[in-house]
Amino acid sequence: PMPRTKFDLAAHEAAMASPTAKDLAAVPCWDPATLDALGTIPTTSPAEVEAIVAKARKAQEQWSQSSWTTRRRLLRTLLRWCVEDQERIAEVACRDSGKTLTDAVFGEVLVTCEKLKWLAENAEGALADERRAAGTTVAFTKNVHVEYRPLGVIGAIVPWNYPFHNVLNPLSAALASGNAIVIKVSEYASWSTRYYGAAIRACLEAVGAPADLVHFVYGYGATGAALTTCAGVDKIIFVGSPEIGKRVMRQAADSLTPVVLELGGKDPFVLCDDLSDKELDRIAQIALRGVFQSMGQNCAGPERFIVVDDPSAKKKKSGVYDGFCARIAKVAPLLRTGASVEEPAAVDCGAVTMGTPAIRRLQHLVDDAVARGAQIVAGGVAPAAPAAKKSTSLFGGSSPSKQREAPADVAASGSFYPPTVLKDVPFDALIAKEEIFGPIMCIFAPCASDDEAVARANDCGFALSSCAFAQDPKRAAKVAGRLRAGMSSVNDLEGTTYLSQSLPFGGLGLSGFDRFAGVEGLRGLCSIRSVCEDKFPRLLRTAIPAPMEYPSKGKAHIFAQGIVELFYGFSLLDSLKGIGKIIQAAS
């Protein structure tokens, strides 16, 4: 049974503005949608982090020798747990993050199942020794290949927006590649690991894997820093903001620990002006799901809607820009916000996990855009008073013309912000550059051409994912191919790339570097070894040619020149000259 004691979010936020040692000694947990208190978890000290990493390393030494049969069995055991217990997994994620059950199943359970299935079927092949072409001078005598050996202990620092998947994603790849992992979870999503951790330990036990392969550590910046600077950690995976990502890089630099940085995005969603009414109907629902899935708290999600619709070339019917905005305006004001676990049928959108500071930041972005000329289509005003006694808070049906009120302290009613749509947003607004990470659809003023749309889309420091839509598939693919991003989808939501776990995930610029997922992500968790061995070890082994032996006989350079001309010359004459020099040096 879930506890019903209410968490004093206002008092907690006030304390964390200038925390004392006592405030940082434990991590309080609460449901952002209901403000139910979920208990506390002691902070992991730096000394405890060191000890945990040492335990993980010892377990990894054993696990690195495990067979692929055992690793596949572990992955399939985890997958079976995900499928058979998906309802509980989703509910726990909802309690910890405030999201809806639909968002949890679709955004957490489904993609985790795909990850585990792909790893079980493909990890062995991805990490098998890979034959490579031997060099020209040794092609007749040597075989060469690449080996992928586990690094050791992986440290992961993960955010709160996907409490389940953000744990299973690095965990499954680390275990599949023969590593151990220590995960520092967010202070905003720690409670769920009590259940997830117990289930993971049961899966490890079921296949005879060491229990210390997986550990969780809890706390704030000091705990994360302890993991990042720990000498026993062989690679760091960090998912979070660019500001903290830079700090992680600086901390890891002292020990030259490699890092994977996934730092969020501000993905462009480009619509071309040849789209039919039927296509706009389809795309409008895709856009709404992309923005309001998990209340927009997604690293890869559409934040910039850029529409090609030249006002000087109006068609007989309404243009694509007006048609798209009209379709969004019919649906967005109807979206209902509240606690999905309490009333799943009555809720479309969940909570803003980080509470009042995040809500005030969202309001500031909206206010700045409106001050610069943007129009509110739906939402746009933080709740000014506590919600009704029920845990579900409905913002549906609010009119853009409603008198705007300053955002209140919503800590007494739950962490909600109404699903918001802005149109005619100018490109100089703050919301055009800063990551929103919230339930705001931002439709910019229309562009006159594909070239302008691409230029606007690429005028951003973030470059994680992207998508482009056009009636003509070739046009959509051409536009998508010009977008500066690590991932792109053609005529579909940019997040669809993540449904194929064979693809690497990551971006460039402010979105970070390196990749997880796919073959590239798996190999990134390995020490990559180049190996050269004799092709005929019992018959032929390398010996230094006499002209090259020490002490020098004065002809070694002539012999080397002959080798260059023989193997790399551009004509038969070059090769013959090389042979002549080799004979000269050997005489």
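Quick notes on this one:
- Pairs with Cβ under 6 Å, 6+ apart, first in segment 545-564 and closer than 17 Å to Ser575 by Cα and of a type in the set (A, V, I, L, M), second assigned to a helix (DSSP H, G or I) and open to solvent by less than 80 Å² (accessible area, probe 1.4 Å): Ile558/Lys581; Ile558/Ala585
- Search result, residues across segment 493-541 that are assigned to a loop (DSSP other than H, G, I, E, B) and over 27 Å from Cys460 (Cβ atoms): Ser502, Leu525, Lys535, Phe536, Pro537, Arg538, Leu539, Leu540, Arg541
- Unmet criterion (only one of (1) open to solvent by 60 Å² or more (accessible area, probe 1.4 Å); (2) over 16 Å from Leu175 (Cβ atoms)) for Ile52: (1)
- Condition met for Val519 (touching a strand residue (DSSP E or B) at 6+ places or on another chain (Cβ under 9 Å) and either of a type in the set (Gly, Ala, Ser) or over 22 Å from Ile431 (Cβ atoms) (or both)): no
- Scan of segment 91-106 for residues that are more than 14 Å from Thr34 (Cα to Cα) and crowded, with 24+ Cβ neighbours inside 10 Å, ordered by number: Asp103, Ala104
- Taking the criterion of being under 17 Å from Leu119 (Cβ atoms), of a type in the set (S, T, N, Q), open to solvent by 50 Å² or more (accessible area, probe 1.4 Å) and in a helix (DSSP H, G or I), the only residue of segment 61-76 that qualifies is Thr69.
- Residue in segment 26-46 that is part of a helix (DSSP H, G or I), more than 27 Å from the chain's Cα centre (by Cα) and either surrounded by 19 or more Cβ atoms within 10 Å (Cβ to Cβ) or touching a residue at least 60 places away in the same chain (Cβ under 8 Å) (or both) present: no
- When the criteria are applied in full, Val370 meets the requirement of being open to solvent by 40 Å² or more (accessible area, probe 1.4 Å), at pLDDT 95 or above and not charged (D, E, K, R).
- Set side by side, the residues Ala448, Ala457, Ala429 differ, and just one is farther than 24 Å from Cys349 by Cβ, out of contact with any Cys (no Cβ under 8 Å at 6 or more places or on another chain) and open to solvent by less than 40 Å² (accessible area, probe 1.4 Å), which is Ala457.
- Residues within segment 111-131 that are open to solvent by 40 Å² or more (accessible area, probe 1.4 Å) and either over 22 Å from Ser192 (Cβ atoms) or without any contact (Cβ under 8 Å) to a residue 60 or more places away in the chain (or both), tallied: 9
- Some residue of segment 251-259 being surrounded by fewer than 23 Cβ atoms within 10 Å (Cβ to Cβ), under 20 Å from Gly486 (Cβ atoms) and in contact with a strand residue (DSSP E or B) (Cβ under 7 Å, 6 or more places away or on another chain): yes
- Residues located in segment 460-477, provided they are open to solvent by 50 Å² or more (accessible area, probe 1.4 Å) and either in contact (Cβ under 8 Å) with a residue 24 or more places away in the chain or touching a Lys or Arg at 6+ places or on another chain (Cβ under 8 Å) (or both): Gln471, Asp472, Arg475
- Residue list for segment 9-35, filter: of a type in the set (D, E, K, R) and closer than 14 Å to Ser192 by Cα: Asp31
- Boolean, Asp274 is outside any helix (DSSP H, G or I) and surrounded by fewer than 16 Cβ atoms within 10 Å (Cβ to Cβ): yes
- Tallying residues that are surrounded by fewer than 17 Cβ atoms within 10 Å (Cβ to Cβ), in contact with a strand residue (DSSP E or B) (Cβ under 9 Å, 6 or more places away or on another chain) and not in a helix (DSSP H, G or I) within segment 2-25 yields 6.
- Qualifying position, being in contact with a Cys (Cβ under 6 Å, 6 or more places away or on another chain) and open to solvent by less than 60 Å² (accessible area, probe 1.4 Å), among Ser500, Ser527, Ser489: Ser489
- For Thr353, the conditions (1) in contact with a Phe, Trp or Tyr (Cβ under 7 Å, 6 or more places away or on another chain); (2) at pLDDT 95 or above are fulfilled apart from (2).
- Residue count for segment 503-513, restricted to those that are in contact (Cβ under 8 Å) with a residue 60 or more places away in the chain and surrounded by fewer than 19 Cβ atoms within 10 Å (Cβ to Cβ): 1
- Check on Leu79, at pLDDT 95 or above, assigned to a helix (DSSP H, G or I) and open to solvent by less than 80 Å² (accessible area, probe 1.4 Å): yes
- Residues that are under 23 Å from the mean Cα position of the chain (by Cα), over 21 Å from Asn169 (Cα atoms) and outside any helix (DSSP H, G or I), drawn from segment 204-249: Tyr220
- Residue pairs whose Cβ atoms lie under 8 Å apart, sitting 6 or more positions apart in sequence or on different chains, and linking a residue in segment 207-236 that is β-branched (Val, Ile, Thr) to a partner that is modelled with pLDDT under 95 and open to solvent by 10 Å² or more (accessible area, probe 1.4 Å), are Thr229/Asp254; Thr229/Ser255.
- Within segment 26-57, if we keep just the residues that are touching a helix residue (DSSP H, G or I) at 6+ places or on another chain (Cβ under 6 Å) and among the charged types (D, E, K, R), the residue that is farthest from Glu187 (Cα to Cα) turns out to be Lys55.
- With respect to the conditions (1) farther than 30 Å from Glu147 by Cβ; (2) open to solvent by 30 Å² or more (accessible area, probe 1.4 Å), Lys58 lacks only one, and its number is (1).
The values are calculated or read from the model by the stated rules, or taken from the named source; none is laboratory data. Predicted model, so just to flag it, every value in this text is computed and none were measured. FYI the Cβ positions are ideal-geometry reconstructions off the backbone, even for glycines, and counts take in every protein chain you see. The accessibility values were calculated without ligands, DNA or RNA, using every heavy atom of the protein model including side chains. Shrake-Rupley method; radii C 1.70, N 1.55, O 1.52, S 1.80 Å.
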